[in-house]
Each structure stands twice: as structure tokens, then as C-alpha cells.
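Read through the structure below, which is laid out as C-alpha cells, and then see the notes.
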Amino acid sequence: MAKKVDDRTDPAPEVLREVESLREKIRRHDYLYYVEGTPEISDDAYDALFRRLRELEEAHPELVTPDSPTQRVGAEPRDDLPTIRHTAPMLSLDSSQEPEEVSRFMDRVRRGLALEEEGPDPAYLLQPKLDGVSIELVYEDGVLVRGVTRGNGQQGEGVTDNVRTIASVPLRLRQEGRPAPDLLAVRGEVLMKLSAFEGLNQRLVEEGSEPYANPRNATSGALRQLDSSITAQRPLEFLAFDILAVEGDAFERDEEGVRALQSWGLPVPERVRMASSAEEVLDYHLAFARDRDELDYEIDGIVIKLDDWAGRERLGATSHHPRWALALKFEPRKEVTRIERIALQVGRTGVLTPVALLRPVEVGGVTVSRATLHNREELERKDVREGDLVRVQRAGDVIPQVVEVVPEDGRERADAFRMPERCPNCDTPLVSRGPFTLCPNRFGCAAQLKGRIVHFASRGGLDIEGLGQETAALLVERKMVVELADLFDLEVEEVAELPGFAELSASNLIEAIAERRRTELRRFLFGLGIPEVGATVARDLAAHFRTLGAIREADRETLEKVKGIGPKMSELIVEFFRDERNAAAIDEVVSRMEELSVYEPAPDEDRGSSDIAGQTWVFTGGMESMTRGEAKKRVEALGARATSSVSGATDVVVAGEGAGSKLEKAQELGIRILDESQFLELLGEMEGGTGDEEGPAELPDG
Ligand code: IVH
């Protein structure tokens, strides 16, 4: 039975002792539950300990310390995330898909260490390559003081409040086995289990919000929340795999380092192994590739690291990656299934995307029932028809796609698929633009209006909670919203009538919309869906012009003064604002809003916080939607480097029409290759902070 808490403020020694003993117990049970997976007490018993601690801390606030288990949640929401320099640079990994690269890597290490050619290979530590979000955690005197995203490798975003909410991250290192070092900077991955991800998405869809395209996006979104109480509701996990800096302790080998991390209570990846030959490495790779689908989290390969720390020191690093490690990646996952039907999806810009509706198939633990066929030309090139057996691929962050038709002897195929003459939605005659087919009825086509609403309300736009695909479709179908501005006139009673809504959810939605009458200019600009204007350009435009009026009046020359805006973009922007229907629609929306506030980010803020920050990209071949120069600027704005030759240091090659030797070299080196539409999808995702609203991956299946 708990004792009654004293009212006095200065704590008696026995209170202090009880507080400390409770914290000790709770930490131990957290560790057993979240790290070891072997809980020793019931949830009720745990809750009782926690309640008692909270009660004592409430009565004696001066006893609260930042590493108390009660302090995981409760930080004030922030206005922005601070930029913080890493303790030591967070480099990338050299990577390959070619098994032969392993022995080449091991040869390089040998040569670098001047080892005898015939002698035995040094020891390597092997781990799975986790596909989450990389982060640095810093412990001073055993207490967690900072969590910083990778950013551009030199500096990232401070997400300490958010990291504290992750249950498997110790707020204070355990000291059971060995004392905590004076300073420990550890790198690891934050991720979401696949099962938890599915649960989260289901919840989002039920709330009417957009689901995330994959666990990594969901993790990244959760980690970068300004309000850590939201992060706390997201099922995040942490695994530590690399010691960036340690003071007050020393290791000769990484194996010891990993053991030390474990003894300090940090969770580490499962199945860490040692190897001293290429065969052993390849066996490990094969075993993980085989078990990959059974794991409850995403991995995209294995990592091979020289075990000897002194050897690492001697080998050093390039500006991009350490010379002592290599990632051997898996092939993208492919499965075979049948196309039941080819549907057409009309996006907010009027582009028709052919989508293969598939007999549901598990591709690496995720059920895929639709895959993009990109556009008319792709469809013709691959000659994909209804009823065909096809190979479907899901490469981590890219939405599922049809790779090729699997030939079947003796089966009669359907007729070649043809694009209709008229819009399936509004019956307007369609037009062709390059490989794309377009419905030109921008303001009359309900499908486009629906797309515009979803984009306007999306995370990168006004971020209206509860206004996703399904709700937008209902609002348009029932003619409750005929133009964007109508959103602001919706009433609780009419929304409550919609299927899936009740009084409370309707008033939540109305409230969420009303809150956005005051919006940052950059969000508003993004939400308008101006062609080519993603979150980065929108932010730069807002910071440069500061008012919507100034942007609307700007001519091409003035626009091109903004970094990242070239002739093509300036033309599209001017054209967009000059269009009378657009202008009228914008006037209407603005007249119902209270304020478009300017938000001017510090120089370089955000930069480098994207997933591609610090990477090296090469563009080869021609693209339909932009010039190579523009494409380079776009990735540079996200913190990546664009170079012109393909080498081991290249992370991604974007291969457009007519790509030749650079593409071949990239294939040889096992470098990640994107085609134009995959590149656009990825850009949309990163610039918007959300998936491409036109992509089928954002649509709930069905
Ligand atoms: S070691 C730079 N080990 O992969 C050397 N990295 O493409 C230190 N990653 O974002 C990294 N699992 O965060 C290492 N077991 C593992 C890893 C791993 C995932 C991430 C890393 C980085 C990316 C590199």
C-alpha cells in the first residue's frame, strides 16, 4: 500500500530514497520489456510503480530530473527544430548489390592496411542494414542529452524531445556491467515495426487522414514532429549500431563496442556476427535475404565492418563514406501476380495515371493490390494488358510498379490497352502531352478537384487533420465543395451526415479547417498545387517575396532571382497565376482566410534534413518534365550533390530517355537507378514532406 504523500515541499530523505528506488525499478522494467523482451512484472504492477513516482514528483517538483522515466513526454511544442552539429560527422555507407564487390572490398582493406596477400583476412563484424531513419544520440555522464537527425552529415535537426518518447531509448545508461563513459555519441536507426506501421495507417485512414507510403516515411514524419506528444503516440523503436565517439572508455574491436552498448542498455540489431572471409559474408547475406520477409521490420541489405578500431583509423574515410565498411544490398523485391483490371486515375493536375489492379500479392511482407503503370508510353512499351501475369516490384521507398509481363504459353491475351478518348470522370476529350495523357478540364473535372483538395489539405500544405482522399471524394461527390474556398464554409451538421462521420468527428474536421484560416504563406503556396512547386520552392518563394500579392505580381525575371527557380518554372508559375480561373479561385480562398503569415527559415535550415542530404546524384539521358539543370538544382536544394560521372561514390543515378554508358556503369556498380517517374515521385515525397498525392500508394486499397 502506498504511503500518503506529504504536503510539505522540502522532501524528507525517505522521499528522495523512494523516488530513486522507483526510478531504478522502472528503468529496469523498461529495459527488460523494451530491450530484452522478457518482462518480469504485470502491466498493472508496472503502472502502480509509475503512478507512485508521478505522485511523489508532483508533490515535490524540485525532485524531477530530466532522466526520470516520467519525463519521456511533456515537453512544450516547439516552433521549429534547431540545427545542431554532430559530435562526429555522420557519413554514408559505400554500397553495392553485387556479391563480387565483397571480395573487392576486402582486398581494398588488405591493401589499405598493408596486410600480406596470402595471409588470413582480418575479422569483420556483420549486421543487418536497417531501413529506417538514421540518428545520433549523445549521452553525457550516462544521461541522454541530445538526439539529432543525420541531416547533411555535419549537422542535423535536434529532435531530443521526440527521441525521449521512444520507449527503448534509455534516458540514462545502465551501469550494471561497466560504468557509463563521460561522453557517448552513438549512431543508430529509428524505425517502425511493419505490424505497428499497418496499425498506424489503419488508424490514420479511420480518422480520415492520409496513410503513410511506407514505415520509413512514417518514422521520419514522427521523428520530426514539433509536438512530441504526437511522436509519443507513434510506435517508434531504436537500434544502435555505431559508436561515433566515446570518452572515458576504450575499445580495440567493434565487437566489444557492441557488447558495451548492450551493457549500457541500448538495443542493438539482432544476429550480429563475425566473419573473416567473403564466403562467410555471403552466407550471412543469403540467410538474411531468405528470412527478410519473416522479419517485422524493413532491412535492405547487410553491413560489413572491419572489426579492428585501429585499422579503421588507418583506413579513414572519403568525404562520403568510411573505407572500412560496405553495405551489400538486396535486390528489390519482386513477385508475380495477375492484373485483374487496368484503371485510370485522374490526378489534381489532370494527368491520367494507368494503374494495374492486381490480384493481391505479398511483396516482402506488404500486400500489394495496385501498382502504377506510370503513363501511356510506359504502358505501350511494356505492352501490359488486362489479365496478364506480371512481375511486380517494390523497392523500399518507391511505390509498387509493374516490371514486366511474364509470358504464358498458349494463353490468349486481351486486346492491347488503349487510353480512352475522353476523361473517364468528366467526359472531356483528352489531350496528349509527351508520354502523358491529360484531361484539360481543370475546373470542371470532379476528380481534379478532389485531388486539389487533398493536396491543399496535405501535410506539406495546410495540414488539415482528417481531410484525406475519402472525405475529399465525398465532399466533391455531394457537391458540398465545388471550389477550394467552399471548404471554409462547411458546417458541422452537413458534414455529420456523411457516411463515416458523427457529430464529434464532423466538428473536429470543421475546427481543423477553421484553425487553418491562419496559415504560413509557404504552406498555402504548396497547397495551391502550382506545377513544379514543391515544399522547397514554396518555402523559398515565401521567404523571398513575403506576401502572396508580391508573388502573384512577379514577372519571370523577378521570379528567377529566387534560388532554384529556372526559366521553365518561372513560366509555369506566371502562367498559373495569370489563369483567370486560378486567380478567381485564389481570391475566393484568400477572402475566407484571416492571415497568411510569412515564415522565413534561417539560411540552410531544413537543407540537409532530407533523406538524400549528403548523397551524390548523377543525371543522365533526357527527361520530359524538366531539364537536367533543373533536376540538379532540385536535388541540391535537398542537400544532395549532383555530379556528372558515375563512380563508387555515386548514390543514385537518374536515367532518362536515351541513357547510355553511365546507366550501364551504374548497373555494373549496383547503384540505385531511378527512371523519370520514380524520380518525380521521390521529389514530390521529399519536397512535400508527404507522398505524391497522385500516386496509387497513397490511396487506401480497394
Ligand atoms: S554503420 C557510416 N550499420 O545505412 C558507417 N549503418 O546508407 C556507419 N544503417 O543512414 C554506419 N543499418 O544509418 C551501419 N547496421 C548498420 C546500419 C547502418 C542501417 C544506415 C545508416 C545510414 C545508411 C547508409
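Laid out as a table, the results:
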quantity	calculated
Unique residue being in contact with an Asp or Glu (Cβ under 7 Å, 6 or more places away or on another chain), farther than 25 Å from L680 by Cα and modelled with pLDDT under 95 when the list is E483, E515, E511	E483
Meets criteria (at pLDDT 90 or above and not in a strand (DSSP E or B)) for G199	yes
Members of the stretch 300-323 found to be of a type in the set (A, V, I, L, M), touching a helix residue (DSSP H, G or I) at 6+ places or on another chain (Cβ under 6 Å) and crowded, with 20+ Cβ neighbours inside 10 Å, listed by number	I302, I304, L306
Which numbered condition T372 fails, given (1) at pLDDT below 95; (2) under 27 Å from the mean Cα position of the chain (by Cα); (3) within 16 Å of the ligand (Cβ to nearest atom)	(3)
Top-ranked residue in the stretch 142-161 [being polar (S, T, N, Q) and within 16 Å of the chain's Cα centre (by Cα); ranked as farthest from the ligand (Cβ to nearest atom)]	N152
Considering residues of the stretch 32-72 that are buried (at least 16 other Cβ atoms within 10 Å of the Cβ) and among the hydroxyl-bearing types (S, T, Y) only, the residue farthest from W264 (Cα to Cα)	Y46
Test: residue in the stretch 249-264 that is farther than 25 Å from T149 by Cα, at pLDDT below 95, part of a helix (DSSP H, G or I) and not hydroxyl-bearing (S, T, Y)	no
Residue selected from the stretch 89-104 under the condition within 15 Å of the ligand (Cβ to nearest atom) and not in a loop (DSSP other than H, G, I, E, B), by the criterion farthest from D611 (Cα to Cα)	E101
Residue count for the stretch 131-160, restricted to those that are of a type outside the set (D, E, K, R) and not in a loop (DSSP other than H, G, I, E, B)	16
Every residue from the stretch 536-552 that is more than 18 Å from V590 (Cα to Cα) and crowded, with 24+ Cβ neighbours inside 10 Å	T536, V537, R539
Scan of the stretch 293-312 for residues that are more than 14 Å from the ligand (Cβ to nearest atom) and out of contact with any Ser or Thr (no Cβ under 6 Å at 6 or more places or on another chain), ordered by number	D293, E294, D308, A310, G311
Matching residues, the stretch 375-388, being within 31 Å of the chain's Cα centre (by Cα), part of a loop (DSSP other than H, G, I, E, B) and farther than 13 Å from T437 by Cα	V384
Condition check for G451: in a helix (DSSP H, G or I) and of a type outside the set (A, V, I, L, M, F, W, C)	yes
Residue under evaluation L16, criteria (1) surrounded by fewer than 16 Cβ atoms within 10 Å (Cβ to Cβ); (2) touching a residue at least 40 places away in the same chain (Cβ under 8 Å); (3) closer than 30 Å to R187 by Cα, criterion not met	(3)
Some residue of the stretch 225-232 being within 16 Å of the ligand (Cβ to nearest atom), of a type in the set (D, E) and either under 22 Å from V268 (Cα atoms) or surrounded by fewer than 22 Cβ atoms within 10 Å (Cβ to Cβ) (or both)	no
Candidates A114, A48, filtered to the one that is farther than 23 Å from L239 by Cα and part of a loop (DSSP other than H, G, I, E, B)	A114
Any hit, the stretch 332-343, residues being buried (at least 22 other Cβ atoms within 10 Å of the Cβ), within 30 Å of P435 (Cβ to Cβ), in contact (Cβ under 8 Å) with a residue 60 or more places away in the chain and in contact with a strand residue (DSSP E or B) (Cβ under 6 Å, 6 or more places away or on another chain)	yes
Unmet requirement for E331, which otherwise passes all of (1) more than 10 Å from the ligand (Cβ to nearest atom); (2) more than 22 Å from A196 (Cα to Cα); (3) touching a Ser or Thr at 6+ places or on another chain (Cβ under 9 Å)	(3)
Looking only at the stretch 117-137, and only at residues there that are surrounded by fewer than 21 Cβ atoms within 10 Å (Cβ to Cβ) and touching a helix residue (DSSP H, G or I) at 6+ places or on another chain (Cβ under 9 Å), the one that is farthest from S277 (Cα to Cα)	D131
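The values are calculated or read from the model by the stated rules, or taken from the named source; none is laboratory data. Predicted, not measured: the structure shown is a model, and the values here were computed from it. Cβ sites come from the backbone with ideal geometry, for glycine too, and all protein chains shown count toward neighbours.
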